[in-house]
Amino acid sequence: MSDNYIPVEIRRQLKEDAGSLCGYCHCSERITSSALVVEHIKPKAIGGETIRENLWLACVQCNQHKSDRLHAVDPLTDKVVSLYNPRTQPWIEHFTWDETGCYILGRTAIGRATVEALQLNRELAVTARLFWVGVGWHPPKSDLGD
């Protein structure tokens with residue numbers, strides 16, 4: 001079996017775990033029609049295993065920006081901190097939406113570092129969110145504490 005192979009059952013579980021949202025920017029594959037990819041929280045390049053406990057779903061852009069990193073610099077304190085872990089940390093503890101619902105704001109050092117490192121407010125994402133907010137599809141209800 002290839003190291004890249006992820007069994008269908010684990011893929012199903014990940015989709016259920018993630019609620020079809022990117023673990024980082026919370027875009028929905030239902031809105032974008034772009035399938036989320038399986039993301040290794042601890043990247044394979046630095047010894048991460050291909051097991052459910054180390055996997056989550058991410059959009060291609062977040063996955064590419066994260067690359068093989070586990071840490072980034074908090075722009076407020078200039079300290080190196082761990083990146084956000086969607087498997088073990090509640091999104092709402094580290095992030096919130098601005099008043100427009102288009103920009104992700106970091107609530108914590110981990111959140112701020114992740115916003116910057118993964119470019120969660122990249123121009124195309126913010127533009128798409130503007131349209132999604134306009135039709136009532138965004139932000140996800142889970143991010144609002146409902």
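We did not get these values from a lab; they are worked out from the coordinates using the rules stated. Only a predicted model underlies this, so the values are computations on that prediction, with no experimental measurement involved. Don't worry about glycine lacking a Cβ; one is built from the backbone with ideal geometry, like all the others, and counts go over all protein chains shown.
Using a Gaussian network model of the chain in which every pair of alpha carbons under 10 angstrom is joined by a spring, one finds that among A113, A125, A58 the greatest mean-square fluctuation is at A125.
Please report, largest first and rounded to whole Å, the three semi-axes of the ellipsoid equivalent to segment 8-137, where each semi-axis is the square root of five times an eigenvalue of the C-alpha gyration tensor. List each step's numbers first, then the result.
On the way: eigenvalues 94, 81, 27 Å².
They are 22, 20, 12 Å, listed largest first.
Calculate the FRET efficiency for K44 and S142 from the Cβ-Cβ distance with a Förster distance of 30 Å, rounded to the nearest 0.05.
Details: r = 28 Å, r/R0 = 0.95.
With R0 = 30 Å, the Cβ-Cβ based efficiency is 0.60.
222 nm [θ] for the chain, helices only, -39500 (n - 2.57) per DSSP H run of 4+, per residue, to 500?
Working: 6 runs with 47 residues, N = 146.
Helices in the chain give a 222 nm mean residue ellipticity of -8500 deg cm²/dmol.
Each of H71, H94 has some number of other Cβ atoms within 10 Å of its Cβ, and from fewest to most they run H71, H94.
Among S67, S34, S20, the residue with the largest mean-square fluctuation in a Gaussian network model of the chain, with springs joining Cα atoms closer than 10 Å, is S34. Sites count as exposed loop sites when they are chymotrypsin sites (Phe, Trp or Tyr not before Pro), lie in a DSSP loop, and have at most 16 other Cβ atoms within 10 angstrom; the longest stretch of the chain without one is 6-102. For segment 93-130 versus segment 70-86, the inter-centroid distance based on Cα atoms is 14 Å. Under 12 Å from the Cβ of R129, count the other residues' Cβ atoms, weight Lys and Arg +1, Asp and Glu -1, and hand me the total. Once all neighbours under 12 Å are counted, the net charge is -2. Taking the Cα of I10, stepping 7 Å toward and past its beta carbon, and measuring to each backbone N in segment 57-72: which are under 13 Å? In segment 57-72, the label zone of I10 (backbone N under 13 Å from the point 7 Å along Cα→Cβ) covers 57.
Just rank I104, I51, fewest to most, by other beta-carbon atoms within 10 angstrom.
Numbers: I104 25, I51 10.
With the fewest neighbours first, I104, I51 line up as I51, I104.
Projecting label points 7 angstrom from Cα along Cα→Cβ for L130 and T88 puts them 3.9 nm apart.
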